[in-house]
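Working notes for the structure below.
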Amino acid sequence: MAEEIGSSPSSVGKWRSLYATKGIAELLAEKRGGNKVGKITLEVARQLSNRLNNPTEGFRSFIEVQQWLASEFGIEMQYHAVNKYVKRKFGARLKVSRKSHVLKSPAAEAVFKNPIR
């Protein structure tokens with residue numbers, strides 16, 4: 001019977017014993033995952049978003065984000081988890097260089113671009 005449905009004999013035995021003891025409702029109940037609570041709350045996510053969007057006080061790497069979460073909020077997370085969270089929630093790419101300096105003066109740039117005659 002197990003080979004006909006593409007499962008192992010031990011799985012079929014577990015299903016039969018579960019059905020015999022607890023019924024069809026328990027056999028069909030969804031029991032996978034969903035018990036883990038996230039470490040980053042909405043308030044922390046809001047402050048992280050503000051810091052990521054700030055051009056003068058932003059982060060240069062995901063390690064800085066990881067250290068900031070640990071020092072400011074006491075949230076210890078692995079590098080990979082911080083990396084995936086920031087990319088997924090905010091679409092951030094921290095290792096891309098900026099095209100121009102954030103403190104550059106537009107007036108000084110205009111004077112520099114004017115040719116001398």
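Figure legend. Inter-residue proximity from the range 23-47: first residues within 29 Å of M77 (Cα to Cα), second residues at pLDDT 90 or above and in a helix (DSSP H, G or I), beta-carbon distance below 7 Å, spacing 6+ or different chains. Indicated pairs: I40/Y85; V44/F73; A45/K89. Do the conditions hold for A81, that is, is it assigned to a loop (DSSP other than H, G, I, E, B), within 14 Å of the chain's Cα centre (by Cα) and small (G, A, S)? Here the answer is no, as A81 does not meet what is asked. Selection of the range 21-49 for residues being exposed (fewer than 11 other Cβ atoms within 10 Å of the Cβ), not in a loop (DSSP other than H, G, I, E, B) and not charged (D, E, K, R) yields T21, I24, A25, L28, L42.
The values are calculated or read from the model by the stated rules, or taken from the named source; none is laboratory data. Here the structure is a predicted model, which is why all the values come from computation and not from measurement. Quick reminder, even Gly has a Cβ in these numbers, built from the backbone with ideal geometry, and neighbours come from all protein chains shown.
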